[in-house]
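Asker: Here it is, the structure in full.
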Amino acid sequence: GDVETARRLARHDIDTFLEADVDAIVVNSAGCGSHMKEYAHLLRDDSEYAAKAERLASMVRDVHEYLVELGFEAPEGDLSRSVTYQDSCHLVHAQQVTTAPREVLASIPGLELREMAHPDRCCGSAGIYSIMQREISRALLEEKMGEVNATGADQVCSANPGCMVQLDAGVRLFGQGDAPSGPSLHVIDLLDESYRRAEGESYADR
């Protein structure tokens, strides 16, 4: 809600990234990527930065989106487990990225994706919502974990650090029966683990 501070930080990012002269800015946090893609709107009335903000926003890619567009090499390490995937609100609703993370998961040998009933419903993290509105956040998390537990998946994954922290809390608070035992992982963590396993390297050696 601190718009002026957000604009100041955005200007700093714009200067830094444009000076680096890169083709793409790849982001693995859905909330951060969403905000950076909206820099043009944030600075639309800034005569000095409006055009530069549009340029930067056009360069931002979610990491899954970027890998699929680029055409990544499928991993070969067998993970032999089941996962359920939580769509981050910032990724599915703000960025409209839904299939790319699932394509990455589908590329991993031995990994079974078990979709929960409503993967695009909020887990209750919502930025600082879990701190400022704890009771509502907890209620949303309990509902989410009911759907997670119903999949019987070994692990839950997402594409946003805030969701991962919230889901870890959910596993501790509301895990039951065949529920995931945690910790939750980023989709890219699973991809990395598969690459490493194919090379004979333990994921714990990261």
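The values are calculated or read from the model by the stated rules, or taken from the named source; none is laboratory data. In this text the structure is predicted, and so the values were computed from the model without any measurement. Cβ placement follows ideal geometry from the backbone for every residue including glycine, while neighbour counts extend to all protein chains displayed. For accessibility, only protein heavy atoms count, side chains too; no ligands or nucleic acids. Shrake-Rupley method; radii C 1.70, N 1.55, O 1.52, S 1.80 Å.
Asker: Give the number of residues within the stretch 22-36 that are open to solvent by 60 Å² or more (accessible area, probe 1.4 Å) and closer than 19 Å to Ala159 by Cα.
Answerer: Final tally of qualifying residues: 4.
Asker: Here's another thing I want to ask about it. Scanning the stretch 76-102 for residues that are open to solvent by less than 10 Å² (accessible area, probe 1.4 Å) and not hydrophobic (A, V, I, L, M, F, W, C), which turns out modelled with the lowest pLDDT?
Answerer: The selected residue is Ser88.
Asker: Can you tell me which residue among Glu65, Glu48, Glu19 is surrounded by 14 or more Cβ atoms within 10 Å (Cβ to Cβ), at pLDDT 95 or above and not aliphatic (A, V, I, L, M)?
Answerer: Working: Glu48 fails: surrounded by 14 or more Cβ atoms within 10 Å (Cβ to Cβ); Glu19 fails: surrounded by 14 or more Cβ atoms within 10 Å (Cβ to Cβ).
When all the criteria are applied, what remains is Glu65.
Asker: Same structure again: Out of the stretch 73-85, which residues are of a type outside the set (S, T, N, Q) and touching a residue at least 60 places away in the same chain (Cβ under 8 Å)? Full working, then the answer.
Answerer: Just the residues of the stretch 73-85 that are of a type outside the set (S, T, N, Q), to begin with: 73-79, 81, 83, 85.
Passing the criteria: Pro75, Glu76, Gly77, Asp78, Leu79, Arg81, Val83, Tyr85.
Asker: Can His12 be described as at pLDDT below 95, open to solvent by 70 Å² or more (accessible area, probe 1.4 Å) and either over 27 Å from Ile128 (Cα atoms) or in a helix (DSSP H, G or I) (or both)?
Answerer: On the way: at pLDDT below 95: no; open to solvent by 70 Å² or more (accessible area, probe 1.4 Å): yes; either over 27 Å from Ile128 (Cα atoms) or in a helix (DSSP H, G or I) (or both): yes.
For His12, the condition - at pLDDT below 95, open to solvent by 70 Å² or more (accessible area, probe 1.4 Å) and either over 27 Å from Ile128 (Cα atoms) or in a helix (DSSP H, G or I) (or both) - is not met.
Asker: Mind checking which residues of the stretch 156-177 are open to solvent by 10 Å² or more (accessible area, probe 1.4 Å), in contact (Cβ under 8 Å) with a residue 40 or more places away in the chain and not in a helix (DSSP H, G or I)?
Answerer: Of everything in the stretch 156-177, just one residue is open to solvent by 10 Å² or more (accessible area, probe 1.4 Å), in contact (Cβ under 8 Å) with a residue 40 or more places away in the chain and not in a helix (DSSP H, G or I), namely Asn160.
Asker: Since Val148 meets every condition but one in (1) modelled with pLDDT under 90; (2) open to solvent by less than 20 Å² (accessible area, probe 1.4 Å); (3) not small (Gly, Ala, Ser), which condition does it not meet?
Answerer: (1)
Asker: Follow-up. Residues Leu18, Leu79, Leu91: which one is out of contact with any strand residue (DSSP E or B) (no Cβ under 7 Å at 6 or more places or on another chain) and not polar (S, T, N, Q)? Break it down stepwise before answering.
Answerer: Numbers: Leu79 fails: out of contact with any strand residue (DSSP E or B) (no Cβ under 7 Å at 6 or more places or on another chain); Leu91 fails: out of contact with any strand residue (DSSP E or B) (no Cβ under 7 Å at 6 or more places or on another chain).
Just a single option satisfies the conditions, and that option is Leu18.
Asker: Which of (1) in contact (Cβ under 8 Å) with a residue 40 or more places away in the chain; (2) touching a helix residue (DSSP H, G or I) at 6+ places or on another chain (Cβ under 6 Å); (3) open to solvent by less than 20 Å² (accessible area, probe 1.4 Å); (4) of a type in the set (A, V, I, L, M) is the odd one out, the single condition Ala153 does not satisfy?
Answerer: So the condition that Ala153 fails would be (2).
Asker: Right, something else. Would you check which residues across the stretch 103-143 are assigned to a loop (DSSP other than H, G, I, E, B), open to solvent by 80 Å² or more (accessible area, probe 1.4 Å) and farther than 14 Å from Ser88 by Cβ and list them?
Answerer: Just the residues of the stretch 103-143 that are assigned to a loop (DSSP other than H, G, I, E, B), to begin with: 107-110, 114-128, 133.
So of that shortlist, the ones also open to solvent by 80 Å² or more (accessible area, probe 1.4 Å) come out as 115, 121, 128, 133.
Answer for the stretch 103-143, where residues must be assigned to a loop (DSSP other than H, G, I, E, B), open to solvent by 80 Å² or more (accessible area, probe 1.4 Å) and farther than 14 Å from Ser88 by Cβ: Glu115, Ile128, Gln133.
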